[in-house]
Amino acid sequence: MTGSIAAIGAGLAVIGAGIGVGQIGAHAMDAIARQPEASGKITTTMLIAAALVEGVALFGVVVSLICK
């Protein structure tokens, strides 16, 4: 039973990360469309935010597997 709960937790963490990275990318593209001259700063900030989201997702997956 605990293995299936850990799998559900890991799956939710990955789904959340996918949604988060998708939102970051979508809003970054909107911002670049509005101000093309700021695309360098927007891209850098987008990549940092996406890396932080992925880090949190990885942490969630590890915690759910450790609690197994």
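The values are calculated or read from the model by the stated rules, or taken from the named source; none is laboratory data. Source: prediction; values computed, not measured. For the accessible areas, the whole protein counts, side chains as well, though only heavy atoms, and no ligand, DNA or RNA atoms are used. Shrake-Rupley method; radii C 1.70, N 1.55, O 1.52, S 1.80 Å.
Scanning for something among the polar types (S, T, N, Q), assigned to a helix (DSSP H, G or I) and open to solvent by less than 80 Å² (accessible area, probe 1.4 Å), does region 17-28 turn up at least one residue? No, region 17-28 contains no residue that is among the polar types (S, T, N, Q), assigned to a helix (DSSP H, G or I) and open to solvent by less than 80 Å² (accessible area, probe 1.4 Å). Annotation: GLU54 fulfils all but one of (1) open to solvent by less than 80 Å² (accessible area, probe 1.4 Å); (2) at pLDDT 90 or above; the unmet one is (1).
Across region 29-66, the qualifying residues are those that are among the polar types (S, T, N, Q) and assigned to a helix (DSSP H, G or I), and the one among them that is farthest from ALA6 (Cα to Cα) is SER39.
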